[in-house]
């Protein structure tokens, strides 16, 4: 998920990426309410067992929950249920602390991917550029392609990371 900032009360969602049934989709819309409606309609259609993400328990799930309520969009998915949501960052950090007995920095998705031999290009580490790209989308329409591609790559990497650790869950 890409947003215009970190505060769910004042910032908005600009892109949501997901993978279901071997298909990666990225939802984007000028209007946040329509983006959320399209996303939740898709979730209702594919009926996932759970959401798998990276840092979703601390950021994505609460942000998505808040913005969905703010927009007045309905969702049939129990987003804040931990039994329906897997946070790879949380699991990998707890695993590292337990095994090595040290305090590890939670890190970002590219760092965790690299540590588990998942290829990550340098340009994939630019999530902090997304708000600026969105803000300048009218003058530079190609920015929307860059946001979409970034969200797409994040979903690919999250899926690859999940595939490496899923047998341990």
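We did not get these values from a lab; they are worked out from the coordinates using the rules stated. As the structure is a prediction and not an experimental result, all values here were calculated from the model. Don't worry about glycine lacking a Cβ; one is built from the backbone with ideal geometry, like all the others, and counts go over all protein chains shown.
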Highest GNM mean-square fluctuation, the chain, Cα pairs closer than 10 Å: which of 88, 64, 133?
133
Helix 88-100 axis, angle to the chain major axis (alpha carbon atoms, nearest 10°)
20
For every helix of n ≥ 4 consecutive DSSP H residues, a contribution of -39,500 (n - 2.57) applies; sum these over the chain, divide by its total residues, and give [θ] at 222 nm rounded to the nearest 500 deg cm²/dmol.
-14000 deg cm²/dmol
Inverse mean reciprocal Cα-Cα distance (Kirkwood Rh) of the chain, Å
16.7
So the angle from the long Cα axis of helix 61-71 to the longest Cα principal axis of the chain, reported in degrees to the nearest 10, equals 10
Can you give the angle from 0 to 90° between the axis of helix 32-46 and the longest principal axis of the chain, with both taken from C-alpha atoms, to the nearest 10?
60
How long are the semi-axes of the equivalent ellipsoid of the stretch 1-99, taking √(5λ) for every eigenvalue λ of the Cα gyration tensor, in whole Å from largest down?
23, 16, 12
How high is the relative contact order of the chain? Use alpha-carbon pairs under 8 Å, at least six apart in sequence, and give a whole percent.
26
Within 10 Å, count the other beta carbons around each residue, average over each peptide in 144-156, 16-28, and list them highest first.
144-156, 16-28
Among 138, 33, 129, determine the one that fluctuates most according to a GNM of the chain built with springs between C-alpha atoms less than 10 Å apart.
138
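Is the shape of the stretch 25-65 best called rounded, prolate or oblate, per the rule: a/c under 1.5 gives rounded, else a/b larger than b/c gives prolate, else oblate, with a ≥ b ≥ c the square roots of the Cα gyration tensor eigenvalues?
Oblate.
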